[in-house]
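The values are calculated or read from the model by the stated rules, or taken from the named source; none is laboratory data. The model shown is predicted, which means the values in this text are computed figures rather than measured ones. Neighbour counts run over all protein chains shown; Cβ positions are idealised from the backbone, glycine included. These area figures cover heavy atoms from the full protein model, side chains too; ligands, DNA and RNA do not enter into them. Shrake-Rupley method; radii C 1.70, N 1.55, O 1.52, S 1.80 Å.
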Amino acid sequence: KKNIDTLLEKKFSKLMKQKFAIFLPYGRTSLLFLLQALNIKNKEIICPAYTCVVVSHAIVKSGNIPIFVDSSEKDFNMNWDKVEGLITNKTAAIISTSIFGYPVNLDKQHHVSTKFSHIVIIQDCAHSFSAKWNGNEVQQFCKAAFFGSNISKIITTVFGGFITTDDYNLYQEIIKIR
């Protein structure tokens, strides 16, 4: 199968150290398409309470239910110490967000993702292109990451967003949806 990625997508995937990048009209479209490509429907998606409204909108639009986690007092990111208590048999994904470039705690994320390996971790990197936790770029520790590239972001295309992943099958499914 031939990859149909553009030069922009090739450059972005290289910059983010991921195999694939898909450019989309908006960051919110990226999350919506990711949830559709992962075939997540009628499930609970854990996400930070402190986030852009487009995150919960994409979750609802995809036919899922947002479950909000309060922020950590230390960094304003999602409080990973509270995530485990919110996981139910309906939980399908966790959206791990690095708020304004401050990286998520990958150690705590890893603990949860190891204990609940059936739950998909999606990195929200809208404001955190290549944010690093202990030298590790957060977008590399998940099934897929999504980025916003509108006028207010670190890298801008005026409008738009990206998905990055190392999963070829997921990449192909997103391309079909796009």
Tell me, which residue of the range 89-108 that is touching a strand residue (DSSP E or B) at 6+ places or on another chain (Cβ under 6 Å) and assigned to a loop (DSSP other than H, G, I, E, B) is modelled with the highest pLDDT?
Lys90
Looking at the range 2-17, is at least one residue touching a Leu at 6+ places or on another chain (Cβ under 9 Å) and in contact (Cβ under 8 Å) with a residue 24 or more places away in the chain?
no
Go through (1) open to solvent by 80 Å² or more (accessible area, probe 1.4 Å); (2) more than 19 Å from Tyr26 (Cβ to Cβ) for Ala49 and report which single condition fails.
(1)
Name, by its number, the condition in (1) without any contact (Cβ under 8 Å) to a residue 40 or more places away in the chain; (2) in contact with a Ser or Thr (Cβ under 6 Å, 6 or more places away or on another chain); (3) open to solvent by 80 Å² or more (accessible area, probe 1.4 Å) that does not hold for Lys41.
(2)
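Kindly provide the set of residues from the range 109-132 that are open to solvent by less than 80 Å² (accessible area, probe 1.4 Å) and over 23 Å from Lys11 (Cα atoms), ordered by number.
Residues satisfying the conditions are Gln109, Val112, Ser113, Phe116, Ile119, Val120, Ile121.
Counting just the residues of the range 52-70 that are at pLDDT below 90 and open to solvent by less than 60 Å² (accessible area, probe 1.4 Å), which one comes out farthest from Gly161 (Cα to Cα)?
First, pick out the residues of the range 52-70 that are at pLDDT below 90: 52-56.
Checking the rest, the ones that are also open to solvent by less than 60 Å² (accessible area, probe 1.4 Å) come to 54-56.
Details: Val54: 12, Val55: 13, Ser56: 16 Å.
Among those that are at pLDDT below 90 and open to solvent by less than 60 Å² (accessible area, probe 1.4 Å), it is Ser56.
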First in the range 160-178 and over 20 Å from Ile95 (Cβ atoms), second anywhere and open to solvent by 70 Å² or more (accessible area, probe 1.4 Å), Cβ under 8 Å, 6 or more apart:
Tyr168/Lys19; Gln172/Lys1; Ile175/Ile4
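This table checks each residue for (1) at pLDDT below 80; (2) in contact with a strand residue (DSSP E or B) (Cβ under 8 Å, 6 or more places away or on another chain).
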{"position": "Ala145", "(1), (2)": "no, yes"}
{"position": "Ile151", "(1), (2)": "yes, no"}
{"position": "Thr156", "(1), (2)": "yes, no"}
{"position": "Ile163", "(1), (2)": "no, yes"}
{"position": "Asn169", "(1), (2)": "no, no"}
{"position": "Ile175", "(1), (2)": "no, yes"}
{"position": "Arg178", "(1), (2)": "no, yes"}
